[in-house]
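What follows is calculated from the coordinates using simple rules that are stated; it is not laboratory data. All figures in this text were calculated on a predicted structure; none of them were measured in a lab. Please note: Cβ atoms are built from the backbone with ideal geometry, for glycine as well, and neighbour counts cover all protein chains shown.
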Amino acid sequence: MNETLLQSLQYYGAAAGTVAALIVSLDLGRRWTGFGFVIFVTSSIALMAWGFLDEKAQGIGLQNVALFVINCVGVWRYLLSKHRKQVTS
């Protein structure tokens, strides 16, 4: 496999995951959190590809299969679902 492609997938996945975690942790509202989850989804896709294309990184690939599903739930809840959770104080 092309080493440059593998490194690009690895570093994009790591950087995107870091940015997404920052956005979600800042709790800037539903829309921003939803976009954070979209970035998490792209991170998971990149890390799944890297994990399954590089024979030394299969554990990361498997972990990101689960994270991909979790992140898709986040996208659904924060961006796509019509149901809005009521916040009580």
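Going through (1) loosely packed, with under 14 Cβ neighbours inside 10 Å; (2) in contact with a Cys (Cβ under 7 Å, 6 or more places away or on another chain) one by one, VAL41 falls short only on (1).
Of all the numbered requirements in (1) in contact with a His (Cβ under 9 Å, 6 or more places away or on another chain); (2) within 24 Å of THR4 (Cβ to Cβ), PHE52 misses one, and that requirement is (1).
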